[in-house]
Amino acid sequence: DMLQRLENINNHILEISQYSTGLIDQYVVKLKDRIKEMLQTDIVDEARISQEVVLYADKTSIEEEITRLKSHIVQFKELLQSESIKKAGKRLDFIIQEMNREVNTIGSKSNCLEITNLVIELKTELEDVREQASDNTEGSSEKEKELKRNNMLLGLTDVTGEGVIVTLKDNDKV
């Protein structure tokens with residue numbers, strides 16, 4: 001099940017990569033059209049357009065994030081093959097956190113609805129992988145597992161050997 005989810009994540013990444021390839025060309029066309037509309041002329045300063053395109057491409061490029069995300073998937077799979085989920089729990093959790101960071105960066109850089117929708121799918125798959133890895137971690141009590149599942153709702157702030165400190169929405173500690 002976890003390997004299937006990783007395959008789904010990989011497929012979503014490939015789709016995002018395909019959507020991102022034509023975004024710069026689309027931006028050039030839109031930029032030229034806006035300039036022509038605003039200036040009411042067909043004369044466009046190509047050097048200035050090139051500068052704007054370079055700035056836009058640099059700001060919105062997600063190739064590095066895609067590369068790192070693919071690398072994290074490979075690391076995750078290798079770790080699953082070399083160790084049991086129970087033994088690799090913390091390292092798997094760290095890799096999932098890194099994957100979430102990359103996905104969030106892709107989402108924040110995106111101005112494409114299709115990519116945004118795929119980012120949501122990626123986040124859902126990653127959360128399912130995180131839950132599955134968390135449920136199988138060595139030494140996790142049922143109470144800890146339940147708290148991990150609910151940490152987004154409760155705002156889990158600290159898990160110690162003494163107990164669990166949970167911050168509720170009104171900042172009362174339990």
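Worth a mention:
- Exclusive hit being open to solvent by 60 Å² or more (accessible area, probe 1.4 Å) and touching a residue at least 40 places away in the same chain (Cβ under 8 Å), set Glu78, Glu121: Glu121
- In the stretch 4-26, the residues that are within 17 Å of Lys123 (Cβ to Cβ) and free of Cβ contacts under 8 Å to residues at least 24 places away in the same chain form no Cβ pair under 9 Å with any partner that is open to solvent by 30 Å² or more (accessible area, probe 1.4 Å) and acidic (Asp, Glu), whether six or more places apart or across chains.
- Filter result for the condition that a residue is open to solvent by 60 Å² or more (accessible area, probe 1.4 Å) and in contact (Cβ under 8 Å) with a residue 24 or more places away in the chain, over Glu102, Glu98, Glu63: Glu63
The values are calculated or read from the model by the stated rules, or taken from the named source; none is laboratory data. Worth saying up front: this structure is predicted, and the values here are computed from it rather than measured. Here Cβ is always computed from backbone atoms with ideal geometry, including for glycine, and neighbour counts include all displayed protein chains. Remember, those area values only see protein heavy atoms, side chains included, never the ligands or the DNA or RNA. Shrake-Rupley method; radii C 1.70, N 1.55, O 1.52, S 1.80 Å.
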